[in-house]
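Single-structure report; data block below.
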Amino acid sequence: MTPWFDPSLLFIDGQWRACASGETLPVVNPSNGEDIARIARGGGADVDAAVKAATAALEGDWGAMTAAERGRILLRLSQLVLDNAEALAQMESADVGKPLTQARGDVTALARYCEFYGGAADKLTGETIPFQQGFTVYTLREPHGVTGHIIPWNYPMQIIGRSIGAALATGNACVLKPAEEACLTALAFADLARQAGLPAGALNVVPGLGAEAGAALTAHPGVRHLSFTGSVATGRRVQIAAAENIVPVTLELGGKSPQIVFGDADLDKALPFLVNAGIQNAGQTCSAGSRILVQRDLHDDLAARMAEEISALTIAPAGEDARVGPLVSARQKAIVEGFLEQARPDQILARAELPEGLPEGGNYVAPVLLGNIGAEHPLAQDEIFGPVQVLIPFEDEEDAVRIANGTKFGLVASVWSADGGRQMRLAKRLKAGQVFLNNYGAAGGVELPFGGVGHSGHGREKGFEALYAFTTLKTVAAHHG
Ligand code: NDP
């Protein structure tokens, strides 16, 4: 895996350049612990240069483009992503430890976001408002200006697609700070955007540490909107920084999402979803279905069937494309193992086995199903962000809703039941930004608005809804008599 660009450079104003400090950081392959590249350690001066380039782009070629022209660039970018699909998948897989099939899925999603927002760019309209005699009143949807995007390491391409795609479609100029563990595909994307004809400065990428480049971006007075995906603790800091400059912020902060299985559920259909929603991307998924709530009569049967599935999961270095790869970093592995130390032996209902011969330096954690745990226990409340699920029994519908809504989060929920009335009741009562009925994740759902309530964050990305988030509304009242 050798990128076609120099990953130790920043991408600012349509050009590759070294960061102001000249310092670089290692890129570690999570499958074996080996260094595979260096990235720039961007800082405040680089962020400032990126914001200036973005501001100039808005005042220049980029700002002068029509919505249709912006859309065509995104459509060309979508095709370029597909043309380079295998290189991007290999790069992501080596960088963050994603099994190849999952990395290829992320590339497809990135292309689809560019296609969706490319097609949507010239479909966003204002409205006319009936008003007093002698007036014509209408609204204009305008870009915020320079938008700051802070992206985590778990789904870099998907989150870049949903956030940068919508921001560019609506005419903003973007400064992107990828996670230090996952910069390669962000830089590749910027280069493909250049090839697609995106004017200089419309997209700038500044890798670096969160406390340096990230904090500088959130504090920069030239940034007029912030989009953040990551932890609650950092999200809180981002929101405080946004408040200082009075800018809107979209926060997507993960969750502890329940999958609720009633006694009348089609278990054969549900089972693959129940397991996959916990182990996809080694459980490092904001919308992981990590709490499985099961009606008590079905508990033992479901526990046995899940145990069988989990024990059969294959685990291997990302390039070997098993169901489960390593976690992104030694630090993330330590976080997950720290959680698992809280579990008593009788609370481990099932655990996959790490195969012999895994590379020493890799960050492997075998998937686990926990049980015999109260719904209030930290293992059933906190986001673990690893391949760990917890099985919790419930008595009836009321009990299921109480437990499902009983965390500080509210990102996604699913209901598995044959009873249509129950599906509708729960869809209304569950505290979540998305509810899935007899499915989970809806195949990525580029078109489906996504975001949380409570500590899962606020604001919506994905779908057409994101176009509203990345614009501000102006009302024009013309008095013509
Ligand atoms: P963070 O929330 O700290 O990182 C997310 C992004 O924020 C990264 O780009 C990071 O940069 C950046 N960042 C960090 N500090 C600041 C700051 N002060 N100002 C601005 N940006 C900043 O998550 P971690 O990577 O530390 O992971 C810790 C936990 O967070 C995980 O165990 C998981 O529970 C949760 N998480 C949730 C995600 C989700 O999708 N909801 C995604 C990732 C993590 P850098 O990485 O370079 O420091």
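What's the number of the only condition in (1) touching a residue at least 60 places away in the same chain (Cβ under 8 Å); (2) open to solvent by less than 20 Å² (accessible area, probe 1.4 Å); (3) part of a helix (DSSP H, G or I) that VAL27 fails to meet?
Looking at each condition in turn, VAL27 falls short on (3).
Can you name every residue in the range 378-401 that is away from the ligand (no atom under 16 Å from the Cβ) and within 17 Å of GLY289 (Cα to Cα)? Lay out the reasoning, then the answer.
Quick first cut of the range 378-401, residues away from the ligand (no atom under 16 Å from the Cβ) only: 391-401.
LEU391, ILE392, PRO393, PHE394, ALA400, VAL401 - these are the residues of the range 378-401 that are away from the ligand (no atom under 16 Å from the Cβ) and within 17 Å of GLY289 (Cα to Cα).
Answer yes or no as to whether LEU467 is open to solvent by less than 30 Å² (accessible area, probe 1.4 Å), under 22 Å from the mean Cα position of the chain (by Cα) and more than 30 Å from THR170 (Cα to Cα).
Working: open to solvent by less than 30 Å² (accessible area, probe 1.4 Å): yes; under 22 Å from the mean Cα position of the chain (by Cα): yes; more than 30 Å from THR170 (Cα to Cα): no.
Here the answer is no, as LEU467 does not meet what is asked.
Can you work out which of the residues in the range 348-373 that are outside any loop (DSSP other than H, G, I, E, B) and without any contact (Cβ under 8 Å) to a residue 60 or more places away in the chain is surrounded by the fewest Cβ atoms within 10 Å (Cβ to Cβ)? Break it down stepwise before answering.
Restricting attention to the range 348-373, the residues satisfying the condition of being outside any loop (DSSP other than H, G, I, E, B) are 348-351, 368-370.
Restricting the remaining residues to those that are without any contact (Cβ under 8 Å) to a residue 60 or more places away in the chain gives 348-351, 368, 370.
On the way: ILE348: 15, LEU349: 19, ALA350: 21, ARG351: 17, VAL368: 25, LEU370: 26.
Checking each candidate, the answer is ILE348.
Scanning the range 320-367 for residues that are within 20 Å of THR285 (Cβ to Cβ) and either among the basic types (Lys, Arg) or at pLDDT below 95 (or both), which turns out farthest from the chain's Cα centre (by Cα)?
Residues of the range 320-367 that are within 20 Å of THR285 (Cβ to Cβ), as a first pass: 321-340, 350-352, 362-367.
After this cut, where a residue has to be either among the basic types (Lys, Arg) or at pLDDT below 95 (or both) as well, the list is 323, 331, 333, 351.
On the way: ARG323: 20, ARG331: 20, LYS333: 19, ARG351: 27 Å.
Step by step, filter the range 320-367, then rank; the result is ARG351.
Could you identify the single residue in GLU383, GLU376 that is surrounded by 16 or more Cβ atoms within 10 Å (Cβ to Cβ) and in a loop (DSSP other than H, G, I, E, B)?
Working: GLU376 fails: surrounded by 16 or more Cβ atoms within 10 Å (Cβ to Cβ).
Only one candidate qualifies: GLU383.
When you go through ARG76, ARG70, ARG112 one by one, which is the residue that is within 30 Å of THR314 (Cβ to Cβ) and either surrounded by 22 or more Cβ atoms within 10 Å (Cβ to Cβ) or of a type outside the set (Gly, Ala, Ser) (or both)? It would help to see each step written out before you state the result.
Working: ARG76 fails: within 30 Å of THR314 (Cβ to Cβ); ARG70 fails: within 30 Å of THR314 (Cβ to Cβ).
The conditions single out ARG112.
Looking at the range 195-224, I want the residues that are of a type in the set (D, E, K, R) and have a partner that is in a loop (DSSP other than H, G, I, E, B) with Cβ atoms under 9 Å, at least 6 apart or on another chain. Which pairs are those?
GLU212/ARG41; GLU212/GLY43; ARG224/HIS144; ARG224/GLY145; ARG224/ASN172; ARG224/VAL247; ARG224/PRO248
Which of the residues belonging to the range 111-141 are charged (D, E, K, R) and in a helix (DSSP H, G or I)?
In the first step, residues of the range 111-141 are kept if they are charged (D, E, K, R); the result is 112, 115, 122-123, 127, 141.
Answer for the range 111-141, where residues must be charged (D, E, K, R) and in a helix (DSSP H, G or I): ARG112, GLU115, ASP122, LYS123.
What number of residues within the range 100-147 are among the basic types (Lys, Arg) and in contact with a His (Cβ under 7 Å, 6 or more places away or on another chain)?
0
The values are calculated or read from the model by the stated rules, or taken from the named source; none is laboratory data. In this text the structure is predicted, and so the values were computed from the model without any measurement. Because the Cβ atoms are built from the backbone with ideal geometry, glycine has one as well, and the counts that use them run over all protein chains shown. With ligands, DNA and RNA removed, areas are computed over all heavy atoms of the protein, side chains included. Shrake-Rupley method; radii C 1.70, N 1.55, O 1.52, S 1.80 Å.
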